[in-house]
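Written out below as structure tokens is the structure these notes cover.
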Amino acid sequence: MPRPRTLLVTGGAGFIGSRFVAHHLRAKPADRVIVLDALTYAGSLDNLTCLADAAERVQFVHGSVRSPQIVESVLADCDAVVHLAAETHVPRSISDSSVFFETDVLGTQTMAALAVSRAPRLERFVHVSSSEVYGTALQDAMDEQHPLEPYTPYAAAKCAADRLIHAFVQTYALPGVIVRPFNNYGPGQHLEKLLPRFITSALRGDPLTVHGDGLAARDWIFVDDTCAAIERLLDAPLETVRGQVFNVGTGIATDVITLAREVVRLVGASPELIEHVPDRPGQLQKHCADTTKTRTQLGFTTATALGDGLRATIDWYREHRAWWERQLWMRSVPVVGPDGTIRHW
Ligand SMILES: NC(=O)c1ccc[n+]([C@@H]2O[C@H](COP(=O)([O-])OP(=O)(O)OC[C@H]3O[C@@H](n4cnc5c(N)ncnc54)[C@H](O)[C@@H]3O)[C@@H](O)[C@H]2O)c1
């Protein structure tokens, strides 16, 4: 049996982070987890049910990845890091990108610099990047060699952080590995994101607004599959993953209009709720993972078909109205266009 480890999870009070912490505590019953999270609008202690279920194995630290003092103090006793903390909502980055570069880029720089100088036990640093770094697909499925052509300020910030980790591996021998998840969905995702917006609109009988013709296609991956892939990256021998990039997706692209129709059907709402609105800037037309490397080198494939994942996600939103009703006012972000008009994305 591998020896017990102490894991630092940044952004662990957010959507993927909280799901990953619960996943890890189940998968590794002897491990301890430290969650570092600034509790921005996107993070909540309500997401960390493990604070009640497994309190003796979890420590929550309220603080920012931008703070060297806090980061140094939490890194001191850690064996591994899963770095998820970030600003994550594309339209917000179009509205104001400054905090995206502060958190996603400079926060990652703080984490990486202190990981190489102040974490004597550290044996793994899993950096959670994003498929958004690729931009729109130049071929049907994008492998890890696809050019990096970010379309939005969020994607540009994630791209800088992704390459910064690569540089720290080369320059300082950071035991780093980079994972590029595609579009995650599942229970507990903030209402600003597309699928929770569709699901909660269908549940309430509100319009499901689809940008443009709705033919923009994405690779939708259930959040638990992403958590399982991160586990693989924590467990793989270092020499097989150090400095490497791994896509995490299903390899199947589904367009937004098909997804909207499927949500409406599964919820039992009227298809007439689906409305088209003008496209937003920086929209990617096609975005799908080539999963060959993750499958052949990590032995990882996703386990959740889109229909099953959607049903589980819809059930969760049906049962957790109080959790999401307080986010209703955040379902869209006002963005001022070059001509001064305000659009809600
Ligand atoms: N959700 C997706 O579809 C997706 C896809 C690919 C990659 N990712 C990446 O996965 C990671 C997690 O995404 P998510 O969807 O769970 O995001 P999220 O917005 O739900 O959660 C982000 C978390 O980071 C925390 N945070 C923000 N600024 C912080 C700071 N300065 N210091 C410490 N904590 C801070 C927030 O409080 C929140 O808990 C991000 O790095 C994101 O870029 C997400």
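Before we move on, is H190 at pLDDT below 95 and under 25 Å from P91 (Cα atoms)? For H190, the condition - at pLDDT below 95 and under 25 Å from P91 (Cα atoms) - is not met.
Restrict the check to segment 125-133 and report whether at least one residue is in contact with a Phe, Trp or Tyr (Cβ under 9 Å, 6 or more places away or on another chain), aromatic (F, W, Y) and at negative phi. The answer is yes; a qualifying residue exists. Look at (1) farther than 20 Å from T226 by Cα; (2) in contact with a Cys (Cβ under 7 Å, 6 or more places away or on another chain); (3) of a type in the set (G, A, S) and you find that A30 fails only one, number (2).
Got a number for residues in segment 93-119 being within 10 Å of the ligand (Cβ to nearest atom) and not acidic (D, E)? Result for segment 93-119: 8.
The condition of being assigned to a loop (DSSP other than H, G, I, E, B), more than 9 Å from the ligand (Cβ to nearest atom) and free of Cβ contacts under 8 Å to residues at least 12 places away in the same chain holds for only one of L122, L138, that being L138.
The strands (runs of 3 or more DSSP E) found entirely in segment 1-75 that carry 2 or more residues being under 16 Å from A115 (Cα atoms) are 6-10, 32-37.
The set of residues in segment 7-19 that are under 20 Å from D77 (Cα atoms) and among the hydrophobic types (A, V, I, L, M, F, W, C) comprises L7, L8, V9. Scanning segment 173-210 for residues that are more than 9 Å from the ligand (Cβ to nearest atom) and under 22 Å from E144 (Cβ atoms) gives A173, L174, P175, G176, V177, I178.
When segment 76-91 is filtered for residues that are near the ligand (Cβ under 8 Å from one of its atoms) and either assigned to a helix (DSSP H, G or I) or of a type outside the set (S, T, Y) (or both), the ones remaining, listed by number, are H83, L84, A85, A86, E87, H89.
What are the residues in segment 1-37 that are surrounded by fewer than 23 Cβ atoms within 10 Å (Cβ to Cβ), more than 16 Å from the chain's Cα centre (by Cα) and among the aliphatic types (A, V, I, L, M), if any? Once the filter is applied, which keeps residues that are surrounded by fewer than 23 Cβ atoms within 10 Å (Cβ to Cβ), more than 16 Å from the chain's Cα centre (by Cα) and among the aliphatic types (A, V, I, L, M), segment 1-37 yields M1, L25, A27, A30, I34.
Within segment 264-288, the set of residues being closer than 28 Å to S95 by Cα and among the hydrophobic types (A, V, I, L, M, F, W, C) comprises L273, I274, V277, L284, C288. Looking across segment 141-155, just one residue is in a helix (DSSP H, G or I) and away from the ligand (no atom under 12 Å from the Cβ), and that is P153. Listed by first and then second residue, the pairs with beta-carbon distance under 9 Å, at least 6 apart or on different chains, first residue in segment 82-103 and more than 17 Å from P150 (Cα to Cα) and modelled with pLDDT under 95, second more than 10 Å from the ligand (Cβ to nearest atom) and not hydrophobic (A, V, I, L, M, F, W, C), form an empty list.
The values are calculated or read from the model by the stated rules, or taken from the named source; none is laboratory data. This is a predicted model, so every value here is computed, not measured. Glycine also receives a Cβ, built like all others from the backbone with ideal geometry; neighbour counts cover every protein chain displayed.
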